[in-house]
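These notes concern the structure reproduced below.
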Ligand SMILES: [Zn+2]
């Protein structure tokens, strides 16, 4: 480690300059905040800190495909290969590129200014082919700068017709979430997946101009708490109030992830819903030897969401978590916030509230706040109270 030596060798003027530049940066950020926040916005937007976590824009590794033994995929756009593409295969648990085994990890550089192609998707950045330790799986990992990655995330996670300020809030939340993964998963072979298990990423966006503008206008900004990047999770519709990360995931919740009242998503598409499953089908799924006969002994979390429920059939009973119970209803089970659980004729019927895990920003609520002329910092302050906006890496404002 040499930063101290470097600082010691520098003339005092350079250090003064650094302090001046840092002060100018702070002022610039404060000006941006003042401009972006309408005068009546409340609660107060989070104060800003300039404490970059990286010395330059970090890269992120996104798992975009997995090959089981015997499977193969054609990748296009790789430097040094024909436009028709190159075959990547999993031969008995080992990666093979164009029929040749490759050393781990195999980096495939994309042609200059080109795009990586896999299936019907196009990606910016390069491809790393990597074997998962202690399994026979081979993963295809897209490696690219976090800002380019976010261009692919923002409009996959939020409809393009949402107000700009909601999209900006989404970009900052998504950047924070991604940065948290990069920082805590250093020893993993990738940082995030491309599905809603992490956040949805479909490669280079169709509406590139809008995506680029949204990301550029929030460049480098992340939510922080206690000097750390916040794992700023979010979900579609909270159903009335968000919940704590501890309740949902069992993690210890930092203050910004302890849940707030929302109410803004009331009356929207998924604020309330009904789902049903045949008692016989649920009984078969749970191997209870016949249709569900009784639902009992529910345990409910503090937020009102289901913690545990017991289902009885002719040949026994099963106790499920809220998530397992939700899965019985397939895609119609939108959350674990059930307001009615009932046996009715041949059916097990439930009413519920919200869509998603309900932790962090309520995306539909964010769009309502933006429609009411709230700036993105006020939106973030509402859903992540006590969070502080910081810089992930030094950003040079132009
Ligand atoms: Zn909500």
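The values are calculated or read from the model by the stated rules, or taken from the named source; none is laboratory data. Given the structure is predicted, the values throughout are model-derived calculations rather than measurements. Here the Cβ is made from the backbone with ideal geometry for all residues, glycine too, and neighbour counts use every protein chain on show.
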- Message: Can you find, within the stretch 360-398, the residue that is farthest from the chain's Cα centre (by Cα) among those that are crowded, with 22+ Cβ neighbours inside 10 Å and assigned to a loop (DSSP other than H, G, I, E, B)?
- Response: 374
- Yes or no: residue 396 free of Cβ contacts under 8 Å to residues at least 24 places away in the same chain and under 26 Å from residue 224 (Cα atoms)? yes
- Task: Would you check if residue 176 is in a loop (DSSP other than H, G, I, E, B) and surrounded by 16 or more Cβ atoms within 10 Å (Cβ to Cβ)?
- Result: no
- For residue 166: the one exception among (1) outside any loop (DSSP other than H, G, I, E, B); (2) at pLDDT 95 or above; (3) more than 16 Å from the ligand (Cβ to nearest atom): (3)
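Condition check ((1) part of a loop (DSSP other than H, G, I, E, B); (2) within 14 Å of the ligand (Cβ to nearest atom); (3) surrounded by 14 or more Cβ atoms within 10 Å (Cβ to Cβ)) across all residues:
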| position | (1), (2), (3) |
| --- | --- |
| 303 | yes, yes, yes |
| 308 | no, no, yes |
| 312 | no, no, yes |
| 317 | no, no, yes |
| 325 | no, no, yes |
| 340 | no, no, no |
| 343 | no, no, yes |
| 350 | no, no, yes |
- Task: Looking for whichever is closer than 18 Å to residue 272 by Cα, within 16 Å of the ligand (Cβ to nearest atom) and touching a strand residue (DSSP E or B) at 6+ places or on another chain (Cβ under 9 Å) here; the options are 354, 360. Which one fits?
- Result: 354
- Quick one: is residue 296 over 18 Å from residue 173 (Cα atoms) and either in a strand (DSSP E or B) or within 16 Å of the ligand (Cβ to nearest atom) (or both)? yes
- Task: Run down 227, 220 and say which single residue is under 18 Å from residue 394 (Cα atoms) and more than 17 Å from the chain's Cα centre (by Cα).
- Result: 227
